[in-house]
Amino acid sequence: MTVLITGSALHTCFGDQNATFTALLAGRSGVAELTGIDPAKLNVAHGYPIEVPGEHRMFRAGHWLTGCVASALAAAGVDPARQRVAAVVGTGLRELWAVERSAVGRVGADQLDFRDAVSRAAPAIHDVLTVSNACSAAGHALALAQDLVELGEADAVVVGGADAMTESMLVMIGRVADEPATQVRPFDVDRAGVLLGDGAAAVVVTAEDPARGPGPGRPLARLLATGLSCDASHETAPDVAGICRAMRDGLDRAGRRPAEVDLVLAHGTGTARNDPAEASALHEVFGDHRPLVTAIKGAVGHTSGGSALASLVMAIACQRTGIVFPVVGLRRPCPEAGALRLVSGAPQPATVRLAQVNSFGFGGVNAVSLIEALP
Amino acid sequence: MTAVRSWSVHLPGVDQAVLGLPGDPLGPAVPPERAHELLGRKGLLYKDEATRLALCAVHRALGRGPAEPRPAGPADPATAVVVSSNLGNVAVVRDIVGTVRAGRGRDVSPMQAPNASSNVIASTTAIWFRFGGPNLMICSGATGGLDAVATAVLLLRARRAARVVVVGVEPADPVAQCLHRNRAGGTADRPLRAAAACLVLERSAEAGPTLGTVGSFDPAVDPAAGPVIGPAKCAEPDSVVLDPRERIGDTFGAAGVLGVAVAAALMTENPGWTVVAGDPVAGWRRVRLGVTR
């Protein structure tokens, strides 16, 4: 049994999913100077922030997630009071910003996960799993959501991804950069490293089972599978073999061949390490087949744990419009990516039936999702 | 069905007999700063407290000898790792921010970078013991330990792994203690206890020793019938109750894994334990451990 994606929502520095897709098609970057930090101390000056009203400053990720969960459930027509609905939320940074900023004694351990954020949007959902799997967290959440639906543990699962940039992660980005990056340039020869983006996303996954009758919402795409692997080789550096295992696991579970993939939403962080490793893995898995490749992080930054879901929502938009947005920030491909069919400069019309969404995280945790367009 | 093949606990400063557990052949649990006595010296530099405790628990559950060298060779893609911890990296995160405020980013060691990520315990476990299967870090609050066990069962049922190493772990550094004390649903008389527990789970259809079988999970809305590991109020009157929180303190995100480990150890005394984890705010979750057949 495969499952359907019946609702989606996205919140990035550009706004909602329509605003984000429009910005991607226009090749716009949401990069901005960060306020409230000391660039000289951190060696980071830019990011892709979402401006937030004062009362939600402390728990921003949860605030955005609540909005996305409510929108996605409404779009899917799923009522958690009438169906068995679980939630799986992927996050890299949880609400650690509050731990960094508050006086010791002002924050409780129960405020670090996203149970409350989901409850505010859907009080009838009691089963909320917070998966903190770094930059591929939402990809891992998608895998578990499909398993829960396929094995009959839930009628529907709302999958969330949310992260607000933290100072400790900005420090680490500044610590490994020679010169602070001013924009994320995935697969570019002059890429200077990654910058963080704020954001959240949610999709609703429901069973596709003719015996159960038509699904509640008008489905957006079919989620075929998500492949998972762990490099088990290095805490921070990606590993081509581990990435290839996740891609092949995804294709195997989906029952599809590499040659059937039309579009790859690359992880594309614009770092010295990720982009060559990802390009090598794509070459190794796809061989002579050359699907279109694009990526979102040049436009919306690295939205950490939510980034896989943001890519997935934008991949669905490509499938439904027949237009693939370019890699914002890409001017001249790095040598390792030279043979990839990167969409660059302008949007490209394309029939995208099968799309692959890559996400790789710190610790070598890889998740690769495959979604198929509905007729 | 899912079989518990092996269990361990690593509870520094606790005589595990207070939980009714037999002594471990590797001796009492060493504190994190002495983890090298169990794990060997190489590779522990810059590893945080929770990661060290987790590695010790896995080392014990795998039946490895004292300071036995780490496994070498390719990672096993059929073994997955699921870890539950809520407070593993909070001290590191505060430490990094404090260092920058007192100086600048360059004062933070790049060796700290992985430790800022909430999933460092799960990924380090995979790297240390060469586990290449799905690798998940669960940070779900008080039910997290049982959420991790349920996730492991899901990975086995979905055929994403043939074996899952499940770990529940919390440190008890001052930042962790503070966050734990301030949480809604907590009580002042049950302070945070540094603890790690590990389970090795496989499908029970495969050959191997079965210490217990993991049943289905449900919200603990009514008292459980039969013996309970967890709060007395989650059990029927006159039931046998073993509440680890009353005996050693609150192990928070580790509690569900610890509870299942204790149940697996005590199956011969009292088959059919129900393990309950959670708190009044996050809610309760429970699972029944069946007898070996």
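The values are calculated or read from the model by the stated rules, or taken from the named source; none is laboratory data. What you see is a predicted model; the values in this text were computed from it and never measured. Virtual Cβ from ideal backbone geometry, glycine too; neighbours counted across all protein chains shown.
Each residue in region B:151-165 was checked for being of a type in the set (K, R), under 15 Å from B:A126 (Cβ atoms) and within 8 Å of another protein chain (Cβ to nearest Cβ), and 1 of them qualify.
Is it fair to say B:S117 is among the polar types (S, T, N, Q), under 16 Å from A:N133 (Cβ atoms), modelled with pLDDT under 95 and out of contact with any Gly (no Cβ under 6 Å at 6 or more places or on another chain)? I'd like the intermediate steps shown before the answer.
On the way: among the polar types (S, T, N, Q): yes; under 16 Å from A:N133 (Cβ atoms): yes; modelled with pLDDT under 95: yes; out of contact with any Gly (no Cβ under 6 Å at 6 or more places or on another chain): yes.
So B:S117 passes the test.
Counted as qualifying within region A:261-375 are the strands (runs of 3 or more DSSP E) with 1 or more residues that are away from chain B (no Cβ under 14 Å) and touching a Ser or Thr at 6+ places or on another chain (Cβ under 6 Å), namely A:263-265, A:354-361.
From the list A:D239, A:D252, the one residue that fits, being among the acidic types (D, E), within 14 Å of chain B (Cβ to nearest Cβ) and surrounded by fewer than 18 Cβ atoms within 10 Å (Cβ to Cβ), is A:D252.
Taken together, the residues in region B:75-94 that are out of contact with any strand residue (DSSP E or B) (no Cβ under 6 Å at 6 or more places or on another chain) and more than 9 Å from every other protein chain (Cβ to nearest Cβ) amount to 3. Residues in region B:21-76 that are under 19 Å from B:V257 (Cα atoms) and exposed (fewer than 12 other Cβ atoms within 10 Å of the Cβ): 2 in all. Residues in region B:6-26 that are under 17 Å from B:G168 (Cβ atoms) and not in a loop (DSSP other than H, G, I, E, B): B:S6, B:W7, B:S8, B:V9, B:H10, B:Q16, B:L19. The number of residues in region A:214-250 that are modelled with pLDDT under 95 and under 18 Å from A:L374 (Cα atoms) comes to 6. When the criteria are applied in full, B:D218 fails the requirement of being in a loop (DSSP other than H, G, I, E, B) and over 21 Å from B:S6 (Cα atoms).
If the condition is being among the small types (G, A, S), away from chain A (no Cβ under 14 Å) and over 21 Å from B:V14 (Cβ atoms), then region B:237-293 contributes B:S239, B:G272, B:G290. Filtering region A:62-79 to residues that are closer than 29 Å to A:A98 by Cα and surrounded by fewer than 24 Cβ atoms within 10 Å (Cβ to Cβ) leaves A:H63, A:G67, A:A70, A:S71.
Quick one: would you say B:L45 is within 21 Å of the chain's Cα centre (by Cα) and either assigned to a helix (DSSP H, G or I) or in contact (Cβ under 8 Å) with a residue 12 or more places away in the chain (or both)? Criteria not met by B:L45.
So that you can scan it fast, the table gives a plain yes or no per residue for (1) within 25 Å of A:C230 (Cα to Cα); (2) under 18 Å from the mean Cα position of the chain (by Cα):
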site	(1), (2)
B:G27	no, no
B:R34	no, no
B:A50	yes, yes
B:L62	yes, yes
B:R70	yes, no
B:S84	yes, yes
B:L87	yes, yes
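Considering the conditions (1) over 24 Å from B:S8 (Cβ atoms); (2) out of contact with any Pro (no Cβ under 9 Å at 6 or more places or on another chain), B:V228 is excluded by exactly one of them, (1).
Out of curiosity, is B:F129 touching a Pro at 6+ places or on another chain (Cβ under 7 Å) and more than 8 Å from chain A (Cβ to nearest Cβ)? Working first, answer last.
Details: touching a Pro at 6+ places or on another chain (Cβ under 7 Å): yes; more than 8 Å from chain A (Cβ to nearest Cβ): yes.
Criteria met by B:F129.
Screening B:G208 against (1) among the small types (G, A, S); (2) out of contact with any Lys or Arg (no Cβ under 7 Å at 6 or more places or on another chain); (3) surrounded by fewer than 23 Cβ atoms within 10 Å (Cβ to Cβ); (4) under 17 Å from B:V4 (Cα atoms) leaves a single unmet condition, (2).
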